[in-house]
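The values are calculated or read from the model by the stated rules, or taken from the named source; none is laboratory data. Since the model is a prediction, treat every value here as computed from it, not as a measurement. Cβ placement follows ideal geometry from the backbone for every residue including glycine, while neighbour counts extend to all protein chains displayed. The protein model used for the area step is the full one, side chains on, heavy atoms only, and it has no ligands, DNA or RNA in it. Shrake-Rupley method; radii C 1.70, N 1.55, O 1.52, S 1.80 Å.
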Amino acid sequence: VFGAPGSGKSFGISQVANSLAPGRIKVLEFNLSQFKSTDELSDALHQVRDVNLSGKFPLVFWDEFDTPLSGKPLGWLRYFLAPMQDGAFREGQLVHPIGPAIFVFAGGTSESMASFGLGLDAEVYRAAKVPDFISRLKGFVNVLGPNPRGTDEGLPSTSDPFYVIRRAILLRSILWRNARHLFQLKDGVQTPNIDQGVLRAFLKTRFYKHGIRSMESVVAMSQLSGKTKYERSSLPPEAQLDLHVDGQEFLALVQQLVLDGETLEKLAVAFHNYFCTQQEERGYTPGEVTDEQARKHSSLVDFSDLPPDEQEQNRDTVRHINDKLAASGFIMIPARSNEPPFEFPGIEHVDRLARMEHERWMRMKIADGWKPGPETDKEKKIHADLVSWEELEAREDSTAADKDRDFVRAIPGILAEAGYTVVELRPMKPER
């Protein structure tokens, strides 16, 4: 079993075993990095044998089995070959049968089966008996834990969208074991009573510094005694949260603006008004048909006079603000009255967000039946800007690309109308 520190290797295997044979399994855990000599391994195997003699079935968790012994890489492996092959171990001249048991080896230095033994010289690899050890294994699993794989500076990778589901499963388990009084029976299912902002923070915070242990610690530090709901006021202060997550980001997610209802409509109108102002500054005037040459634009009307599909396009633009900010390392927080307006630092951030906005706009148009063409024709649902971001930028007149950049620069002003500002998140990596 491999996984990053705190990914839940021991917990996960124990839960699976106990669910398969409740009451019959005895879990034993030994950390080989704490053993000083092979004599301690013999003592551990005697404990395994004793469990068998007591009538229980031993599930033996050998943690950090891939640590060195006496300075030799993977030095412990050779001492497991006989127990794995014959179910027995030698102590002096005596051979002791272990009896039926499940041995689980948990990697401490390797995070996946594919990385086990990598980097070792071929001679050292063979001397450590790695091939012999692997030949005796009956299976493996890479435990992913609560943190997303394939990340860049702590930003979630699109290659691992399922980390949110893993977190949800883990959070439910942690709450069930440590705060069962928060659960209520709803439609025949025990459901935790938790504030939506608190839940969002647990599921979407970028990184838990110590894996599952950090999730458990945040719950343990929360004031839940006597409570019937996990409320925002139950959370520990930012400084304590910083031990296990980015405290500022976690609390910002708790308070994140929910872009729906009246708030969504207000911001959609604000975005449309900004669009109209920008177009007018470029010399456009209202017209029944958009004509780039004549500087006419059919969308230069009040929001309420826009066609339903264009109103929805404005709403979708606003809905996507949270996703764009998160993917680029920014987040919304409630603004203070004396706070200066936020500006994105550097053109690279603006370009990245502008590309995301263009790709979002294309997805929505295509889903609505629009097709690319040399000239825009709203009646026929043909749009000249339905091209890649690279092609859009390569045009001599890159007005469309500039519109996307202008929108990105306008995001702080649009959010200010709802009392929010934008901050850049601190770079963060999981701690080892």
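Annotations
- In the stretch 1-14, residue most open to solvent (accessible area, probe 1.4 Å) [restricted to those that are under 20 Å from Leu77 (Cβ atoms) and part of a loop (DSSP other than H, G, I, E, B)]: Val1
- Exclusive hit being closer than 29 Å to Pro334 by Cα, among the charged types (D, E, K, R) and buried (at least 19 other Cβ atoms within 10 Å of the Cβ), set Arg355, Arg426: Arg355
- Contacts under 6 angstrom Cβ, first residue in the stretch 399-421 being more than 15 Å from Lys324 (Cβ to Cβ), partner open to solvent by less than 30 Å² (accessible area, probe 1.4 Å) and part of a helix (DSSP H, G or I), 6 or more apart: Ala400/Leu392; Ala401/Leu392; Glu417/Ala270
- Test: residue in the stretch 357-364 that is outside any helix (DSSP H, G or I) and either closer than 30 Å to Arg200 by Cβ or aromatic (Phe, Trp, Tyr) (or both): no
- Within the stretch 256-274, residues that are over 23 Å from Arg232 (Cα atoms) and open to solvent by 70 Å² or more (accessible area, probe 1.4 Å) reach partners that are assigned to a helix (DSSP H, G or I) and not β-branched (Val, Ile, Thr) with beta carbons closer than 9 Å, at six or more positions or on different chains, in the pairs Asn273/Phe303.
- Qualifying residue in the stretch 285-292 (condition: under 25 Å from Val423 (Cβ atoms) and open to solvent by 30 Å² or more (accessible area, probe 1.4 Å)): no
- Restricting the first member to the stretch 293-308 and to residues that are open to solvent by less than 50 Å² (accessible area, probe 1.4 Å), and the second to residues that are assigned to a strand (DSSP E or B), the beta-carbon pairs closer than 6 Å and six or more apart or on different chains are Leu300/Pro286.
- Cβ-Cβ under 6 Å pairs, at least 6 apart or on other chains, the stretch 1-30 side within 21 Å of Leu137 (Cα to Cα), far side open to solvent by less than 40 Å² (accessible area, probe 1.4 Å) and among the polar types (S, T, N, Q): Phe2/Ser110; Phe2/Ser112; Val27/Ser14
- Criterion: assigned to a loop (DSSP other than H, G, I, E, B) and surrounded by 12 or more Cβ atoms within 10 Å (Cβ to Cβ) - qualifying residue of Val350, Val387: Val387
- Listed conditions (1) open to solvent by 10 Å² or more (accessible area, probe 1.4 Å); (2) out of contact with any Pro (no Cβ under 9 Å at 6 or more places or on another chain); (3) among the aromatic types (Phe, Trp, Tyr) are all met by Tyr125, apart from (2).
- Residues located in the stretch 128-146, provided they are open to solvent by less than 50 Å² (accessible area, probe 1.4 Å), touching a Lys or Arg at 6+ places or on another chain (Cβ under 9 Å) and modelled with pLDDT of 90 or more: Ala128, Phe133, Pro146
- Restricting attention to the stretch 15-55, the residues being more than 33 Å from the chain's Cα centre (by Cα), small (Gly, Ala, Ser) and either surrounded by 11 or more Cβ atoms within 10 Å (Cβ to Cβ) or assigned to a helix (DSSP H, G or I) (or both) number 2.
- Checking every residue in the stretch 215-229 against the condition of being open to solvent by 80 Å² or more (accessible area, probe 1.4 Å) and among the hydroxyl-bearing types (Ser, Thr, Tyr) gives at least one match.
- Restricting attention to the stretch 251-262, the residues that are outside any loop (DSSP other than H, G, I, E, B) and out of contact with any Lys or Arg (no Cβ under 9 Å at 6 or more places or on another chain) add up to 3.
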